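Notes to accompany the following structure.
The values are calculated or read from the model by the stated rules, or taken from the named source; none is laboratory data. Computed from a prediction, not measured in an experiment: that's the story for all the values here. Every residue, glycine among them, receives a Cβ derived from its backbone with ideal geometry; neighbour counts consider all protein chains shown.
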Amino acid sequence: MKTRILTRLLADTSAPALLLKDSKAEWSNEAFEQLPKKQRKSIVDWSSDSKNTDILISQGVIFERLKTDEHYLILACGHRAGQQQRALLQELMPALASGSDPFFILPQLLASLLDWPEAAGCKLQGTDKLALMGHWSGQHLLPPQTLELKNSSAAPLYQQGQPGTLILEWDRNEARVRDPLLGDQGLWIAQRVDSRNGNPLGHLSLWGAEKTASLADSIHLMQLCADLISAWQPEQLERSERSPALQLDPLTQLPGRDALDHTLAGSEQERKQSGRDCLLALIDIDSLSAINNLHGQHEGDRVLCQFADRLRHICRPDDHLFRFGGDEFVLLLPVKHTPPPLQQRLDQINRAMTQTLGSAFHASAGLALLSEVNGSGDELLLLADSRLRKEKKQRGI
């Protein structure tokens, strides 16, 4: 493998780095050479023995052994990631609490914090496909798509017994690269995300032709993200495979009509037992067909995902969000004392989407309470639909 990019990127980093081939040291950066001779020897001895674990703590510093094709990269981890880690947690934890999909929001966060031009978050679908949920490229979030696992550079991550971190240096002029996301040449790193049971859920990746930020910081932050995803939402990320009633929409990763029916049935039962009310909002994007016609379906899909993510952000822990079909969504909100100011929140989303897109955006909504229809979920949907139609008619749509 050509190592010129890898060594150039690691040459000036403050994290000690060592590259080995056939159990022999081939290259090291200045930070590694500044370590005491005895410590350097112990690190080389540890890294040369494949029977050793891939983590070493040497004089208080964590070193990790990473496989890069026929080379092994030894890298001090988490050397300068404190500031990025705090910034990541400040953004990520509220988003997770609001129900946002981590594979959708993390690519932009990681790329921005670590200064990578490209980033992606993929979920494993079955055994042979990847759902590309978030793809940050050129300062834009691109629409989700489905990829063939066999063509992805991440395919080795999903092979049994493989380590969770992978580094690849590629050049299409020198070797065949089938990954449709990668350009002509550059450096790519990926981190597998596993469930608490050890089953692969997906992966996060960062790549680019030129990269100056610390690889150690990047790997440390990606591993932290993988641990947080596994600890925070193990059931939510795996439930679509366990329960047919909770199959997720492949584009927005929201529950669909079957899940809505199931949740409405539970709300009906709770209404009978405790008298608890709930508010349903049937929401329709007014201009999606025009966006598709003018800019293409990919742009329409991107708008759908952005809108869905903004709806997630206004949800409380007990609220439920569904994709009803096409350009329609349903919000189901338990009411404790008085209905929440949902219409105000939707108006705020409309204004925010208009500002983000740089053109007029509006989504209409029909709101109804379960108490208005004597506790019938079917009638609740019908009432919300009639109010949505009235709203659109008043707007001349």
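Data overview
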| quantity | calculated |
| --- | --- |
| Ala352 on the phi < 0 side of the Ramachandran plot and surrounded by 19 or more Cβ atoms within 10 Å (Cβ to Cβ) | no |
| Any helices (runs of 4 or more DSSP H) falling wholly within region 1-53 and containing at least 3 residues that are farther than 23 Å from Ala209 by Cα and either of a type in the set (Lys, Arg) or modelled with pLDDT of 90 or more (or both) | 37-48 |
| Unmet criterion (only one of (1) buried (at least 21 other Cβ atoms within 10 Å of the Cβ); (2) touching a helix residue (DSSP H, G or I) at 6+ places or on another chain (Cβ under 9 Å)) for Pro107 | (2) |
| Tally of residues being closer than 26 Å to His295 by Cα, touching a residue at least 12 places away in the same chain (Cβ under 8 Å) and surrounded by fewer than 16 Cβ atoms within 10 Å (Cβ to Cβ) across region 358-391 | 1 |
| Residue in region 227-235 that is in the same structural domain as Ala154 (by TED's automatic domain parsing), surrounded by 20 or more Cβ atoms within 10 Å (Cβ to Cβ) and modelled with pLDDT under 85 present | no |
| Exclusive hit being at pLDDT 80 or above and within 19 Å of Leu88 (Cα to Cα), set Arg178, Arg196, Arg192 | Arg192 |
| Members of region 15-38 found to be loosely packed, with under 15 Cβ neighbours inside 10 Å and of a type in the set (S, T, N, Q), listed by number | Ser23, Gln34 |
| Every pair of residues 6+ apart whose Cβ atoms lie under 8 Å, when the first sits in region 284-312 and is within 16 Å of Pro250 (Cβ to Cβ) while the second is among the charged types (D, E, K, R) | Leu304/Asp327; Ala308/Arg323; Asp309/Asp101 |
| Candidate set from region 324-349 (those that are surrounded by 13 or more Cβ atoms within 10 Å (Cβ to Cβ) and among the β-branched types (Val, Ile, Thr)); member that is farthest from the chain's Cα centre (by Cα) | Val335 |
| Filter pass, Leu254 being under 22 Å from Lys123 (Cβ atoms), of a type in the set (A, V, I, L, M, F, W, C) and not assigned by TED's automatic domain parsing to the domain that holds Trp136 | yes |
| Boolean, Asp171 is under 23 Å from Asp115 (Cβ atoms), of a type in the set (D, E, K, R) and without any contact (Cβ under 8 Å) to a residue 60 or more places away in the chain | no |
| Region 236-248, subset surrounded by fewer than 19 Cβ atoms within 10 Å (Cβ to Cβ) and under 16 Å from the mean Cα position of the chain (by Cα), residue modelled with the lowest pLDDT | Glu238 |
| Which numbered condition Gln139 misses (of (1) touching a Leu at 6+ places or on another chain (Cβ under 8 Å); (2) modelled with pLDDT under 85) | (1) |
| Of residues in region 354-363 being touching a helix residue (DSSP H, G or I) at 6+ places or on another chain (Cβ under 9 Å) and in a loop (DSSP other than H, G, I, E, B), the one nearest to Ala265 (Cα to Cα) | His362 |
| Residue within region 87-97 that is at pLDDT below 85 and either under 30 Å from Glu30 (Cα atoms) or buried (at least 22 other Cβ atoms within 10 Å of the Cβ) (or both) present | yes |
